[in-house]
Structure formats: C-alpha cells, structure tokens
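Engineer: Below you'll find the structure I mean.
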Amino acid sequence: MLTTDKPTNPKADRVVLYHIGWQQFNNLLKDLGNNRSARIAYDQGTLEIMTPLPEHEYFKERISATIKDAADILDLDFECLGSSTWKQEIKQAGVEPDNCFYFQNEPLIRGKLTFDLNQDPPPDLALEIDLTSKSLDRLPIYARLGVSEIWCYDSGKLKIYQLEKETYIETEKSFIFPALNIKEIPRLIESYRELGRRTFRKAVREWVKEQIMI
C-alpha cells in the first residue's frame with residue numbers, strides 16, 4: 001500500500017511516499033526526469049521528494065561558491081556534480097544532495113560522465129541545506145553510500161559531519177579544508193548578503209588567504 005505525507009514547511013515543498021520498492025523508486029526517477037528542481041532521498045522503502053524554495057537555494061549557492069573559491073585559492077583539484085542522483089540497490093539507499101564534490105577521489109573520476117557506486121567512489125563531500133526541515137533522515141543514507149564528509153547548513157549554523165565506522169561524528173574541522181574555520185562561513189555570507197555576488201566572492205578569497213597565512 002502506498003501512503004503519502006505532505007507537511008507544511010516555509011522553506012520547501014515536500015511529499016513523502018511509503019512502501020516504495022526499488023523498481024518503483026527507479027521508475028519514479030525516470031518519470032521525474034533530469035530537468036527538474038525537485039530532489040529525492042530514498043531509504044529502504046521510504047521516498048521523499050522535495051522542491052526547494054529561494055531561501056534554500058540562496059544558501060546552497062553561497063556555500064557552494066565558497067567551497068569552489070577556497071579550492072582555487074588552495075590549489076585543490078575538485079569536481080562539482082551538483083544534485084546528481086547517488087544510489088545503490090544493495091544498500092537500499094538513494095539521495096540527491098544539494099551539492100556534492102570530489103576532492104581526494106577526484107583523480108579516480110576525472111573525465112567521467114556516468115557513475116556506478118558499485119565500482120566508483122562516492123563523493124568526498126556532500127552539502128545539505130535545512131537538514132532538520134526534511135522528513136527523511138539523510139545521514140544514514142549517506143553513511144550507507146560511504147560519503148566521507150557532509151556539511152549541513154541550518155538556521156544560520158554550518159555543521160561538519162565525518163564518517164567513522166558507518167556513522168557520522170560532528171567535528172570542528174574539515175578533512176578537505178583543515179586550515180579553514182568552516183563554521184565562519186554563515187557569518188561571512190550574512191555580512192555580505194546585501195552587497196552582491198562579486199563582492200562576496202572577493203571577500204571569500206580574502207578570508208581564505210588570511211587563514212592560510214596565520
């Protein structure tokens with residue numbers, strides 16, 4: 001039996017479907033198509049479909065820009081794959097992050113356009129916005145897929161989670177950017193929120209350079 005739950009949320013529209021088999025999940029992905037704003041998460045029969053609203057997308061874009069600019073300043077090769085669908089049938093898990101990146105494993109996937117988690121490594125970093133507003137707990141999904149680090153932005157705070165023995169532990173430092181105080185990013189975003197994208201990007205680059213000179 002298929003049942004739905006659609007709670008009211010100020011930052012996202014979402015629907016939750018229960019008792020969805022793996023084949024049904026894949027059929028729904030095909031029906032939804034690739035050119036869509038909705039994002040999905042699947043955990044052992046429960047499927048959430050979420051359509052983010054502008055506030056959600058604003059912070060996704062600002063934090064993503066910070067990651068890219070920091071990588072450029074630090075001369076780190078990376079690949080950004082946005083809200084790609086990551087799934088594994090054997091784990092009964094699937095998720096589309098707000099954004100995701102390869103850093104350590106970037107050489108292993110360089111130039112690839114299709115991915116299979118049965119043979120390819122998962123992203124090294126996933127970004128989730130407003131994690132607590134989502135009905136389906138995404139951390140266990142990411143853990144089963146093997147994503148090593150997650151940044152979760154919620155209500156003005158950015159938390160870092162790292163995978164240890166199949167569970168996530170909140171940490172103060174990022175494996176990817178150990179020299180940077182990642183938790184300062186929300187303050188940086190708020191400080192430049194009314195000054196435009198170019199001004200913000202310049203400020204991010206200066207912020208990175210100041211920290212690596214200490």
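Engineer: Within the accessible area of the chain, what % is carbon and sulfur when the probe is 1.4 Å and the other protein chains stay in place?
Structural biologist: 49
Engineer: Roughly how much of His19 is accessible, in Å² to the nearest 10, using a 1.4 Å probe?
Structural biologist: Accessible surface of His19 is approximately 120 Å².
Engineer: Suppose we flag GluC sites (Glu not before Pro) only when DSSP calls them loop and at most 10 other Cβ atoms lie within 10 Å. Which is the longest uninterrupted stretch of the chain?
Structural biologist: The longest such stretch corresponds to 1-165.
Engineer: Before I look further, what does the chain give for accessible area per residue, probe 1.4 Å, in whole square angstrom?
Structural biologist: Computed with neighbouring chains in place, this is 52 Å² per residue.
Engineer: Mind checking which lysines have their C-alpha under 26 Å from Lys165, skipping anything on the same chain fewer than 8 residues away?
Structural biologist: Of all the lysines, those that pass the test against Lys165 - Cα under 26 Å, at least 8 places apart if same chain - are Lys87, Lys91, Lys134, Lys157, Lys173, Lys183.
Engineer: Dividing the Cα radius of gyration by the Kirkwood radius, what Rg/Rh value follows for the chain?
Structural biologist: That ratio is 0.96, to two decimals.
Engineer: Which is the longest run of the chain containing none of the trypsin sites (Lys or Arg not before Pro) found in DSSP loop states (not H, G, I, E, B) with at most 13 other C-beta atoms within 10 Å?
Structural biologist: Longest gap between qualifying sites, sites excluded: 37-109.
Engineer: Next question. Please give the Cα centre distance for the stretch 25-88 versus the stretch 90-114, rounded to the nearest Å.
Structural biologist: Using only Cα atoms, the two centres lie 11 Å from each other.
Engineer: With springs only between Cα atoms under 10 Å, which of Gln119, Gln92, Gln44 fluctuates most in a Gaussian network model of the chain?
Structural biologist: Of Gln119, Gln92, Gln44, the most mobile in the Gaussian network model is Gln119.
The values are calculated or read from the model by the stated rules, or taken from the named source; none is laboratory data. Note that the coordinates shown come from a computational prediction; the quantities given were computed from them, not determined experimentally. With ideal geometry, Cβ positions are generated from the backbone for all residues, glycine too; neighbour counts draw on all protein chains shown. When the accessible area is computed, the model is the full protein with side chains, heavy atoms only, and any ligands, DNA or RNA have been set aside. Shrake-Rupley method; radii C 1.70, N 1.55, O 1.52, S 1.80 Å.
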